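The values are calculated or read from the model by the stated rules, or taken from the named source; none is laboratory data. As the structure is a prediction and not an experimental result, all values here were calculated from the model. Don't worry about glycine lacking a Cβ; one is built from the backbone with ideal geometry, like all the others, and counts go over all protein chains shown.
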Amino acid sequence: MAKRAPDTAPENRRIFTSSSREIGTAFATLVHQRAVALMTTPDALFTSQRTQIVTLAARHAIPTIFTSSEFAKAGGPDELWHKP
């Protein structure tokens with residue numbers, strides 16, 4: 001009988017934040033857990049703290065999916081927002 005290949009897909013985890021201070025703590029958790037990527041959700045807190053999120057994602061080299069072009073304007077990757 002053939003052996004099943006080990007499951008190497010990353011585990012999805014949710015981290016909830018309700019303040020800019022908690023965003024910093026969330027990134028510390030992501031780094032500690034060796035997160036391979038981050039996806040933000042459309043949220044007033046994230047939009048208002050987009051510069052902080054973009055800065056922390058870049059500092060810790062965590063690939064991030066942002067939900068709006070406002071993050072690109074704050075210094076995040078803008079490849080998805082370029083219009084030909």
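Please list, ordered by residue number, the helices (runs of 4 or more DSSP H) wholly in the chain having 1 or more residues that are modelled with pLDDT of 75 or more. I'd like the intermediate steps shown before the answer.
Values: elements: 20-32, 44-48, 50-59, 69-73.
Hits in the chain: 20-32, 44-48, 50-59.
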**Prompt:** Considering segment 30-44 alone, what residues qualify as being surrounded by 12 or more Cβ atoms within 10 Å (Cβ to Cβ) and more than 13 Å from residue 66 (Cα to Cα)?
**Reply:** 30, 31, 35
